[in-house]
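The values are calculated or read from the model by the stated rules, or taken from the named source; none is laboratory data. Please read these numbers as outputs of a predicted model, since none were measured by experiment. Because the Cβ atoms are built from the backbone with ideal geometry, glycine has one as well, and the counts that use them run over all protein chains shown. These accessible areas exclude ligands, DNA and RNA; they are computed on the full protein's heavy atoms, side chains included. Shrake-Rupley method; radii C 1.70, N 1.55, O 1.52, S 1.80 Å.
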Amino acid sequence: MARKAKKRRYSRSSGSEVESEMRRYKKGTAKSGRKGRGGRVKSRKQAIAIGLSKARKKGKKVPKKASKKSSKKRTSRKTAKKTSRKSSKRKSSKR
């Protein structure tokens, strides 16, 4: 079977943007927030997110941010245990 050619989700130039941000992170000069007031970047994930954000601002090909609502799947099941259990409350007799 022939393989399908996959589309690139990120442009090569956006990858270079992330790469440069990773260099800053490793050097210890990467800052977060507006004008670096958020402090030093402490994790790799944060550095990658900053790089992708900068690429988006420049108009490079980067997928949209995944919203929290779509990523979390909610299951609204009613528990059958509540309906099937018999309540074993003791009757208090007044003496």
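Cβ-Cβ distances below 6 Å connect the following pairs, each with a first residue in the stretch 38-50 that is in a helix (DSSP H, G or I), a second residue that is modelled with pLDDT of 90 or more and of a type in the set (Phe, Trp, Tyr), and a separation of six or more residues or different chains: ALA47/TYR25. Within the stretch 46-70, if we keep just the residues that are exposed (fewer than 10 other Cβ atoms within 10 Å of the Cβ) and among the polar types (S, T, N, Q), the residue that is nearest to TYR10 (Cα to Cα) turns out to be SER67. Could we say that LYS6 is of a type in the set (D, E, K, R) and assigned to a loop (DSSP other than H, G, I, E, B) here? Judged against the criteria, LYS6 is a match.
Considering only residues that are in contact with a helix residue (DSSP H, G or I) (Cβ under 8 Å, 6 or more places away or on another chain) and modelled with pLDDT of 90 or more, look in the stretch 32-45 and name the one that is surrounded by the fewest Cβ atoms within 10 Å (Cβ to Cβ). Applying the filter and picking the extreme gives ARG44. Within the stretch 71-82, is even one residue surrounded by fewer than 10 Cβ atoms within 10 Å (Cβ to Cβ), under 30 Å from MET22 (Cβ atoms), of a type outside the set (Phe, Trp, Tyr) and modelled with pLDDT of 65 or more? The answer is no; no qualifying residue exists. With respect to GLY15, determine if the residue is at pLDDT 70 or above, on the phi > 0 side of the Ramachandran plot, of a type outside the set (S, T, N, Q) and open to solvent by less than 100 Å² (accessible area, probe 1.4 Å). Spelling it out, it is not the case that GLY15 is at pLDDT 70 or above, on the phi > 0 side of the Ramachandran plot, of a type outside the set (S, T, N, Q) and open to solvent by less than 100 Å² (accessible area, probe 1.4 Å).
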